[in-house]
Structures are given as structure tokens and as C-alpha cells.
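Asker: One structure is given below, represented as C-alpha cells, and several questions about it will come after.
Quick note: the coordinates plus some simple rules give every number you see, no bench work behind them. Computed from a predicted structure; not experimentally measured. When we count neighbours, we look across all protein chains shown, and the Cβ atoms used for this are built from the backbone with ideal geometry, even at glycine.
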Amino acid sequence: MEDIITMAIESSCDETAVAIIKNGREVLTNIISTQIETHKKFGGVVPEVASRKHIENIDIVVEEALEEANMKFNDITHIAVTYGPGLVGALLVGLSYAKALAYTLGIPLVGVNHIEGHLSANYIAHKDLVPPFITLIVSGGHTHLVEVSDYGKYEILGKTRDDASGEAFDKIARAMGLGYPGGPIIDRLAKEGNREAIDFPRAYMDDGYDFSFSGLKSSVLNYLNAKKMKGEEIVVEDVAASFQEAVVEVLATKALKAAKDKGYDIITLSGGVASNSRLREKIVELASGTNIDVKYPPLVLCTDNAAMIGCAGYYNYIAGIRDDMSLNAVPNLKIGER
Ligand code: KG4
Ligand code: ZN
């Protein structure tokens, strides 16, 4: 059988990324041009700036990907592109570019859901991984607990009712003046702190599968304000460790509960927050002694990248999914929706 070569384009937030993937799971190249340095000075992603940067970068990143994979446009079987969810202006840059490429080359265009991309990162990292499994998708924009019954077949068991888990990390880091993005900084500081120092609340939501982080966020902000008012010292390492523990304990507990309730023996983690060292440790800890195996991708495949989009795009492609030039950006696209 002839190899299927996917060129994937991702521009939903602040990474301009292009990857070339062979037969769905073999990464030939995965180029990520991040705008973090640009957005750092604003304390978060500025949508207009993100779009402009994508326009500046996309040509260069595509060229670089072809060069690194030692390929020509003619070697590409189809184009996969993120069309949602994400920032509309940012999405449109990658999508317009992808349409132009597919049209000019006369090859199929396949739209990819960014969240489905995140969970597909595990297919690349674990070559033997096949559905069904439970997946916890935790990023700056999403917190979903999903049952994956087959490729492209998803049931959302639970999701956040307010902030995404990564958003909570970013907001708390900002409140402590630690910088952007907050997740990796808090993860690092937490290693030096005591996670039992402060008893922040855990929102278990009556044992269901939904999440909520706004109460925890308020509690941390109140703690910081009270300390400031009293002129007392804030031990940032302890706040970081205690806050992080409150987030990961709920995430890990609910993921494990879902796997047990539904009778699955694999849990995968994905998304930027899946890089969190304590989340990984906690969920492995909770799963030890059970028959549940926990899998997560390497750091580079957790945060936004195009390899994961290429993998999801490949499975869409072999399932016969094709898009045409009318494909539009869908900023609030849900998982499992087309
Ligand atoms: O998946 P991603 O790159 O973008 C979205 O699709 O949202 O995730 C970015 C998010 C940010 O909120 C960032 O703070 C968080 O992932 N993050 C982490 C860690 N690394 C990145 N959160 C906790 N611990 C980390 N080590
Ligand atoms: Zn993402």
C-alpha cells in the first residue's frame, strides 16, 4: 500500500505549527514557531497580535517543514488543518493557507478539531495504543473527560463549567506576578513548596464528571489578598504547590473514577496541562495497584503542535472525511462535532 503523507497546519492560538506525518503515527517533522515571547509582555495571548504573527510565520514554517522532512509539495497526499476551536483570526490564517495549498496542489483538504488533535498526540507517542480508552484533555482552553470508543468516536463524560485547568494555572501565576504561561512556572516552583501548606478547596461536584476551578481560583486570590493586607509574607512555593495539588487531585481522581465506572483499563492524558509533573505522578499513584494503565505524550506533544493535528487528520482521511473550500473557522467547535 502506498504511504499516506499528511501535511498538518495548526494556528488556533499562539503557535504557528506545521508537521509532516507518515501513515498517521510517524512524525517526519514537527516544526513549532511559538509566539510566547511576544505575548509575555501582555500577560496573555493578544488575538490580533497572534493573527498577524501567524501571517508573518506560516510561509517560513511550511518551507522549513518540507526541508526538514526532505520532501516536496508533490509528495504530500493531503492537507490537515485545525478549523476550531480557537481564536477566529488565528484559525483563519492556517485555514486559508491550507485551502490555498490543497486547491493549488489538487489534493484533499481535511479539517481537524483541535481538541481531537490533543488526544491523538497519544497515538503518536504510543504506537500500540488503540481505542477504547478514557482520555483527560487538559489545556489552556479545555478540560474534558472523554470516552474514546473508536477513532473519531467520542462521548464527553464531563467538562469544566467555568475556567479551563490551564487557565486557572495562568490566572494564579498572573496574580502572583510570576509571568506567562503560568503552568510551567507553577509546576517548577511547586517542587520547592509544601503541597499541604494551605488547604485550598477541591470541587468534586457531587462526584459527577464535571469540573470547576473558579472557586479554587477565588480562594487562592482571597488568600493572597488577606496575606497582603496583613503584611504577612507569601511563600510562593507553598501557594504554588498547594494550588497545584488542589487542581491535580480532582483531575486525577475523576479520570480514575471514569475509567473504573466505565470499565476501561487505559487512561490517556493530553493537552498543555498534561505536561504537569505532579498530575502525571498523582494519576500514576492513584492507578497503581489497579489494572489501569496511564499514558501521556512527551512534553512537545502535550502543548500545541501540528503533529497531533496530522495524526487526527490521518484518521479523518482514512475514514473518508473530506472538506472543501467552504470550510470555515469554528471558534467554539465541540469535540465530536463537524
Ligand atoms: O495545549 P496548550 O498548549 O494550548 C491550548 O490548547 O490551550 O496548553 C497551554 C496551557 C497553558 O495554560 C499552560 O499554562 C498550561 O497549558 N501548561 C501547564 C504546564 N505546561 C503548560 N500547566 C501546568 N503544568 C505544566 N507543566
Ligand atoms: Zn491546544
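Asker: Could the peptides 90-96, 296-302, 251-257 be put in order, highest first, of the mean number of other beta-carbon atoms found within 10 Å of their residues?
Answerer: Numbers: 90-96: 23.9, 296-302: 19.1, 251-257: 22.0.
Sorting 90-96, 296-302, 251-257 by mean packing, highest first, produces 90-96, 251-257, 296-302.
Asker: Further question on the same structure: Could you run the Debye sum over the Cα atoms of the chain, one equal point scatterer each and no solvent, and tell me log10 of I(q)/I(0) at q = 0.07, 0.09, 0.11 Å⁻¹, two decimals?
Answerer: The Cα Debye sum returns log10 ratios of -0.29, -0.47, -0.69.
Asker: Another question about this same structure. For the peptides 304-313, 318-327, 171-180, what is the packing order when you average, over each peptide's residues, the other Cβ atoms within 10 Å and list the highest mean first?
Answerer: Values: 304-313: 31.7, 318-327: 12.6, 171-180: 17.4.
Packing order, densest peptide first, comes out as 304-313, 171-180, 318-327.
Asker: Moving on to the next point. Return one quarter of the surface area of the convex hull spanned by the alpha-carbon atoms of the range 131-299, equal to its mean projected area, in nm². Could you put the intermediate results ahead of the total?
Answerer: Details: hull surface 38.4 nm².
So the Cα hull casts an average projection of 9.6 nm².
Asker: Nearest 5 percent is fine: what portion of the DSSP beta bridges confined to the chain is antiparallel?
Answerer: Antiparallel bridges make up about 60 percent of those DSSP assigns within the chain.
Asker: Compare the peptides 7-17, 151-161 by average per-residue count of other Cβ atoms within 10 angstrom and give them in order, highest first.
Answerer: On the way: 7-17: 29.1, 151-161: 17.2.
Averaged packing, sorted descending, gives the order 7-17, 151-161.
Asker: Roughly how big is the range 70-229's charge dipole about its Cα centre, with Cβ charges of +1 (Lys, Arg) and -1 (Asp, Glu), in debye to the nearest 20? Numbers along the way, then the final one.
Answerer: Working: 15 positive and 17 negative charges, 127 e Å.
Its charge dipole is roughly 600 debye.
Asker: Further question: Compare the Cα positions of 208, 17, 184 along the charge dipole of the chain (+1 at Cβ of Lys, Arg; -1 at Cβ of Asp, Glu; about the Cα centre) and return the one farthest towards the positive end.
Answerer: 208
Asker: Treat every Asp and Glu Cβ in the range 208-338 as -1 and every Lys and Arg Cβ as +1, leave all other atoms uncharged, and give the resulting dipole magnitude about the Cα centre to the nearest 20 debye.
Answerer: Values: 15 positive and 16 negative charges, 45 e Å.
Roughly 220 debye, rounded to the nearest 20.
Asker: Right, next: Please give, to one decimal in nm, the separation of the simple spin-label points placed at residue 291 and residue 337, each 7 Å out from Cα toward the Cβ.
Answerer: Once both label points are built, they end up 3.7 nm from each other.
Asker: Restrict the search to the range 162-225; then list the GluC sites (Glu not before Pro) that DSSP places in a loop and that have at most 15 other Cβ atoms within 10 Å of their Cβ.
Answerer: On the way: sites: 167, 192, 196; in loops: 192, 196.
Passing both the DSSP loop test and the Cβ count: 192, 196.
Asker: Using the alpha-carbon atoms, what tilt in degrees (0 to 90, nearest 10) does helix 165-175 show relative to the longest principal axis of the chain?
Answerer: So the helix axis and the longest Cα principal axis differ by about 60 degrees.
Asker: Then there is this: Compute, for the chain, the length of the dipole vector about the Cα centre, with Cβ point charges of +1 (Lys, Arg) and -1 (Asp, Glu) only. Units Debye, rounded to 20.
Answerer: Numbers: 33 positive and 46 negative charges, 113 e Å.
The dipole magnitude comes to about 540 debye.
Asker: Any idea what diffusion coefficient the range 30-107 gets from Stokes-Einstein, in µm²/s, Kirkwood Rh on alpha carbon pairs, 37 °C, 0.692 mPa s? Don't skip to the end; give the middle numbers.
Answerer: Working: Rh = 13.7 Å.
Once the numbers are plugged in, D ends up at 240 µm²/s.
Asker: Another one. Going by the alpha-carbon gyration tensor, a ≥ b ≥ c the square roots of its eigenvalues, is the range 230-289 rounded (a/c under 1.5) or, if a/c is not under 1.5, prolate (a/b greater than b/c) versus oblate?
Answerer: Details: a/c = 3.19, a/b = 2.59, b/c = 1.23.
Since a/c reaches 1.5 and a/b is larger than b/c, the shape of the range 230-289 is classed as prolate.
Asker: If you fit an axis through the alpha-carbon atoms of helix 307-318 and take the longest principal axis of the Cα set of the chain, what angle between them do you get, 0 to 90°, nearest 10?
Answerer: 50
Asker: Here is a follow-up. Under 8 Å for C-alpha pairs, at least 6 residues apart: give me the relative contact order for the chain, rounded to a whole percent. Don't jump to the answer; show the numbers that get you there.
Answerer: Details: 756 pairs, mean separation 84.6, N = 338.
The value is 25 percent.
Asker: Which pairs break 29 Å Cα to Cα here: 41/217; 159/282; 53/127?
Answerer: Working: 41/217 23 Å; 159/282 20 Å; 53/127 34 Å.
Flagged as over cut-off: 53/127.
Asker: Given q = 0.20, 0.29 Å⁻¹, what are the Debye log10 I(q)/I(0) values for the range 56-99, with equal point scatterers placed on the Cα positions and solvent ignored?
Answerer: Those come out to -0.72, -1.10, one per q.
Asker: Along the three principal axes, how long is the range 97-221 when you take its alpha carbons, biggest first, rounded to the nearest angstrom?
Answerer: Its Cα atoms span 58, 33, 27 Å along the three principal axes.
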